[in-house]
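Student: Got a structure for you, questions after.
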Amino acid sequence: MAMPKNDEGRRRVVIEGVMPVVDGGRFPIKRVVGDSVRIEADIFVDGHDVLDAVLCYRPEHEPAWRESPLDPAGNDRWRGEFTVDAVGRWQYTLLAWIDHFLSWRHDLTRRVQSEDIAVALQIGADLIEQTAARASAEDAGRLHEFVGRLRGHGTPEARRAVALDAELLAVMTRHPDRRLATRYESELTVVVDPPRAACSAWYEFFPRSCGVNGKTHGGFRDCEARLERIAAMGFDTVYLPPIHPIGHTKRKGRNNSLAVIADDPGSPWAIGAEAGGHKAIHTDLGSLEDFRHFRQRAEQLGLDLAIDIAFQCSPDHPYVREHPDWFLHRPDGSVQYAENPPKKYEDIYPFHFESEAWQALWQELESVFEFWIGEGVLTFRVDNPHTKPFPFWEWVIGEVKRRHPEAIFLAEAFSRPRIMYRLAKLGFSQSYTYFTWRNTKWELIQYLNELTRGEVREYFRPHFWPNTPDILPEYLQFGGRPAFMTRLVLAATLSSNYGVYGPAYELADNTPREAGSEEYLDSEKYQTRRWDEQRPDSLADFMRRVNEIRRDNPALRRNDNLRFYPIDNEELIAYGKASDDLSSIVIVVVNLDAYHTQGGWLELPLERLDLDPRQPYQVHDLLTGARFLWNGPRNYVQLDPQRTPAHIFRLRRRVRTERDFEYFF
């Protein structure tokens, strides 16, 4: 081993075991504006010297580091935190050093013999004198006064009292000697997003189904009344499938049929026609000005607008003609269409990312994001990102967020776990999940613990969708209205980000194309639909109430605070979320059986919730308004799915007065 250079051999402090960190610092952790970033590390040194340490942090564009203290947490573990107050990339690292003054001061308190004290005081005077040389003028003067007193003529015991003076300690602490400080080997990164990246409620609909009679093609102007309804239900993000011109070649008919009739509108994901491609709007939806008016109306209603970005083309897309080298050609010269044998998607051409012209392709696709950001869109649901190269996503998201750090990217990747996690590490702000197919108590607990514990929670923000235009899960097909209510509550309370394919969910549309299929019959992907939103069995009011509960209870805006509670019935699942200060505590119990009433004994960790087990406490069901007075850790709950399949309780700490007791009833 080579001899250490410069002063490296004199730097004795070790910093290791830093958390959180993703893949050794290769990828950033994620936070949102206002979050505290809590850091832990093992910091130690040989021998018995006293250490001091700080957490260094800064927005990436700032040259100067800010600092906050690291405090000992026992067994050489240190903890600290800093608050991120702006979007963008932040950096952090750690600095630790031996504090020779504190080490000397600690030893001085243990010395008992006068001659030992006298020698130690001379050593201390030298340390203080060295510190005075780098201190401010005012502090230097005060330190020299202390040096004189330590070297004075009083008894060793009297001078020791001077050395232990609190003022001396405070002045010395302001001017530590960091010349031999150890700096952690890496500068780690935090990507800070706007708060909506961590908590949002999405509503998806097809603008073309907003026509006045449900048969004619709707446009943006027709959709503005629906925006008001979506906002009234408490959603904060409205998401549109692709809004671009749709190709005619190999167009798919109703129910994904190859037989097409004249008025079949085709799949919006078959992007591109003579009217343009990814930067154009389908003429039947309206003009670019109509789109702007639609977006502005959404903004007025407090709704973020998310659009679909699908990097694929119909055979009629201008790219196919203008850039044939961006596509893979078969031996007969034809362009390779998308397929997943035995499925064929002949109306879609995928890009060939291994093309010799890959750099030009990357730049053009980046310009698609820039175009829509120029139109005021900052939220993108990205279709099938797992079928495009990882290096492309790391580059394009990095470039876009460098200029627009407030941009949000949702990855629609129903793929293998490692692929989904890799996409999140590369920059996607939020991610679709397997929640859609997790139905049993065991499945839900195992999966949510995976998402909310350990390293995964530092970079993967789960976005729960109980349905999508592509997916009508079996649970919804057979469970009726109770199943839709159950899955909505689970999605909205287990995850701080959730969304629904809206009209179909409101009206509990549960008819598959055929037995065993997850495709909707008469899927809106291939035709316009008329939705009778005024039906008396609509779930709109229930959805509104759930969103109100999310809005009014800060505990539901996070995922890392999720805890599951024991309940002695496998058809009932119980869990809770609480804010750090316990001012917001929500307990959720859900009946997973869509057909039968289920009951069981729920057990709560009263001490963790700061509840006195000897005192009664109130739980208020926010769905129904009912109030219950509970005692002790075990209480009985019962849920009839035909009425309401879930409790969402807000927990009130305890009954304090007789008047409070009367209020409960």
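The values are calculated or read from the model by the stated rules, or taken from the named source; none is laboratory data. This one's a predicted model, so the numbers in the text were calculated from it and none came from an experiment. Because the Cβ atoms are built from the backbone with ideal geometry, glycine has one as well, and the counts that use them run over all protein chains shown. Surface areas here come from the heavy atoms of the whole protein model, side chains and all, with no ligands, DNA or RNA. Shrake-Rupley method; radii C 1.70, N 1.55, O 1.52, S 1.80 Å.
Student: Could you check how many residues of segment 502-524 are assigned to a loop (DSSP other than H, G, I, E, B) and either open to solvent by 60 Å² or more (accessible area, probe 1.4 Å) or touching a helix residue (DSSP H, G or I) at 6+ places or on another chain (Cβ under 8 Å) (or both)?
Tutor: Count: 14.
Residues are listed down the side, and each one gets a yes or a no for (1) of a type in the set (Val, Ile, Thr); (2) closer than 25 Å to residue 520 by Cα; (3) in contact (Cβ under 8 Å) with a residue 24 or more places away in the chain:
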site: 410; (1), (2), (3): no, yes, yes
site: 417; (1), (2), (3): no, no, no
site: 424; (1), (2), (3): no, no, yes
site: 431; (1), (2), (3): no, yes, yes
site: 435; (1), (2), (3): no, yes, yes
site: 453; (1), (2), (3): no, no, no
site: 467; (1), (2), (3): no, yes, yes
site: 474; (1), (2), (3): no, yes, yes
site: 487; (1), (2), (3): no, yes, no
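Here's the yes/no breakdown for (1) out of contact with any strand residue (DSSP E or B) (no Cβ under 7 Å at 6 or more places or on another chain); (2) among the small types (Gly, Ala, Ser):
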{"residue": "276", "(1), (2)": "yes, yes"}
{"residue": "284", "(1), (2)": "yes, no"}
{"residue": "312", "(1), (2)": "no, no"}
{"residue": "323", "(1), (2)": "yes, no"}
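Student: Output the residues belonging to segment 294-350 that are surrounded by fewer than 16 Cβ atoms within 10 Å (Cβ to Cβ) and within 16 Å of residue 280 (Cβ to Cβ).
Tutor: 321, 322
Student: Please determine whether any residue of segment 30-40 is of a type outside the set (S, T, N, Q) and over 27 Å from the mean Cα position of the chain (by Cα).
Tutor: Among the residues of segment 30-40, not one is of a type outside the set (S, T, N, Q) and over 27 Å from the mean Cα position of the chain (by Cα), which makes the answer no.
Student: Listed residues 221, 229, 179; which is among the basic types (Lys, Arg), in contact (Cβ under 8 Å) with a residue 24 or more places away in the chain and under 30 Å from residue 140 (Cβ atoms)?
Tutor: 179
Student: Just checking: which of the strands (runs of 3 or more DSSP E) contained wholly in segment 1-55 hold 1 or more residues that are among the acidic types (Asp, Glu) and open to solvent by 50 Å² or more (accessible area, probe 1.4 Å)?
Tutor: 14-19, 36-44
Student: Among the candidates 196, 208, 251, which residue alone is on the phi < 0 side of the Ramachandran plot, buried (at least 24 other Cβ atoms within 10 Å of the Cβ) and modelled with pLDDT of 95 or more?
Tutor: It is 208.
Student: For residues that are over 30 Å from residue 400 (Cα atoms) and aromatic (Phe, Trp, Tyr), scanning just segment 76-130, find the one that is surrounded by the most Cβ atoms within 10 Å (Cβ to Cβ).
Tutor: Taking the candidates together, the pick is 78.
Student: Look through segment 41-76, keep the residues that are farther than 24 Å from residue 580 by Cβ and of a type in the set (A, V, I, L, M), and return whichever of them is farthest from the chain's Cα centre (by Cα).
Tutor: Here the answer is 50.
Student: Give the residue that is surrounded by the most Cβ atoms within 10 Å (Cβ to Cβ), with candidates limited to residues of segment 211-248 that are part of a loop (DSSP other than H, G, I, E, B) and charged (D, E, K, R).
Tutor: Here the residue is 236.
Student: With (1) outside any strand (DSSP E or B); (2) buried (at least 17 other Cβ atoms within 10 Å of the Cβ); (3) touching a residue at least 24 places away in the same chain (Cβ under 8 Å) as the list, and residue 61 as the residue in question, which single condition is left unmet?
Tutor: In the conditions (1) outside any strand (DSSP E or B); (2) buried (at least 17 other Cβ atoms within 10 Å of the Cβ); (3) touching a residue at least 24 places away in the same chain (Cβ under 8 Å), residue 61 misses (2) alone.
Student: If residue 530 passes every condition in (1) open to solvent by less than 20 Å² (accessible area, probe 1.4 Å); (2) over 30 Å from the mean Cα position of the chain (by Cα); (3) in contact (Cβ under 8 Å) with a residue 60 or more places away in the chain but one, which one does it miss?
Tutor: Every listed condition holds for residue 530 apart from (1).
Student: Kindly provide the set of residues from segment 541-564 that are assigned to a loop (DSSP other than H, G, I, E, B) and surrounded by fewer than 17 Cβ atoms within 10 Å (Cβ to Cβ), ordered by number.
Tutor: The one that is assigned to a loop (DSSP other than H, G, I, E, B) and surrounded by fewer than 17 Cβ atoms within 10 Å (Cβ to Cβ): 560.
Student: Tally up the residues in segment 570-604 that are in contact with a Pro (Cβ under 6 Å, 6 or more places away or on another chain), under 14 Å from residue 638 (Cβ atoms) and open to solvent by 20 Å² or more (accessible area, probe 1.4 Å), please.
Tutor: The number of residues fulfilling the criteria is 0.
Student: Mind listing whichever residues of segment 427-454 are outside any helix (DSSP H, G or I) and at pLDDT 95 or above?
Tutor: Listed by number, the residues that qualify are 427, 428, 429, 430, 431, 432, 433, 434, 438, 439, 440.
Condition check ((1) within 27 Å of residue 11 (Cβ to Cβ); (2) open to solvent by 20 Å² or more (accessible area, probe 1.4 Å); (3) in a helix (DSSP H, G or I)) across all residues:
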{"residue": "143", "(1), (2), (3)": "yes, no, yes"}
{"residue": "146", "(1), (2), (3)": "no, no, yes"}
{"residue": "154", "(1), (2), (3)": "no, yes, no"}
{"residue": "157", "(1), (2), (3)": "no, yes, yes"}
{"residue": "167", "(1), (2), (3)": "no, yes, yes"}
{"residue": "170", "(1), (2), (3)": "yes, yes, yes"}
{"residue": "178", "(1), (2), (3)": "yes, yes, no"}
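Student: Out of all the residues in segment 147-165, which are closer than 21 Å to residue 112 by Cβ and hydrophobic (A, V, I, L, M, F, W, C)?
Tutor: Those that are closer than 21 Å to residue 112 by Cβ and hydrophobic (A, V, I, L, M, F, W, C): 150, 158, 161, 162, 163, 164.
Okay, residues lined up against (1) touching a His at 6+ places or on another chain (Cβ under 8 Å); (2) open to solvent by less than 10 Å² (accessible area, probe 1.4 Å):
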residue: 415; (1), (2): yes, no
residue: 428; (1), (2): no, yes
residue: 446; (1), (2): no, no
residue: 450; (1), (2): no, no
residue: 457; (1), (2): no, no
residue: 464; (1), (2): no, yes
residue: 476; (1), (2): no, yes
residue: 480; (1), (2): no, no
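Student: Let me ask something else. Looking at 632, 625, 600, can you tell me which residue is among the small types (Gly, Ala, Ser), over 29 Å from the mean Cα position of the chain (by Cα) and closer than 30 Å to residue 198 by Cβ?
Tutor: 625
Student: Could you check segment 275-360 for strands (runs of 3 or more DSSP E) lying wholly inside it with 1 or more residues that are over 30 Å from residue 233 (Cβ atoms)?
Tutor: 338-340, 343-345
Student: Continuing with the same structure: Looking only at segment 446-458, count every residue that is of a type outside the set (Gly, Ala, Ser) and out of contact with any Asp or Glu (no Cβ under 9 Å at 6 or more places or on another chain) and tell me the total.
Tutor: Final tally of qualifying residues: 7.
Student: Given (1) farther than 28 Å from residue 256 by Cα; (2) more than 30 Å from the chain's Cα centre (by Cα); (3) exposed (fewer than 13 other Cβ atoms within 10 Å of the Cβ); (4) not hydroxyl-bearing (Ser, Thr, Tyr), identify the lone condition not met by residue 374.
Tutor: Result: residue 374 fails condition (2) only.
Student: While we're here: One residue is enough: does segment 267-274 have a residue meeting the conditions among the small types (Gly, Ala, Ser), surrounded by fewer than 18 Cβ atoms within 10 Å (Cβ to Cβ) and assigned to a loop (DSSP other than H, G, I, E, B)?
Tutor: No, segment 267-274 has no match at all.
Student: Among the residues of segment 455-473, are any assigned to a helix (DSSP H, G or I) and of a type in the set (A, V, I, L, M)?
Tutor: Taking every residue of segment 455-473 in turn, at least one turns out to be assigned to a helix (DSSP H, G or I) and of a type in the set (A, V, I, L, M).
Student: Which of (1) touching a residue at least 24 places away in the same chain (Cβ under 8 Å); (2) of a type outside the set (Ser, Thr, Tyr); (3) closer than 30 Å to residue 267 by Cβ is the odd one out, the single condition residue 210 does not satisfy?
Tutor: (1)
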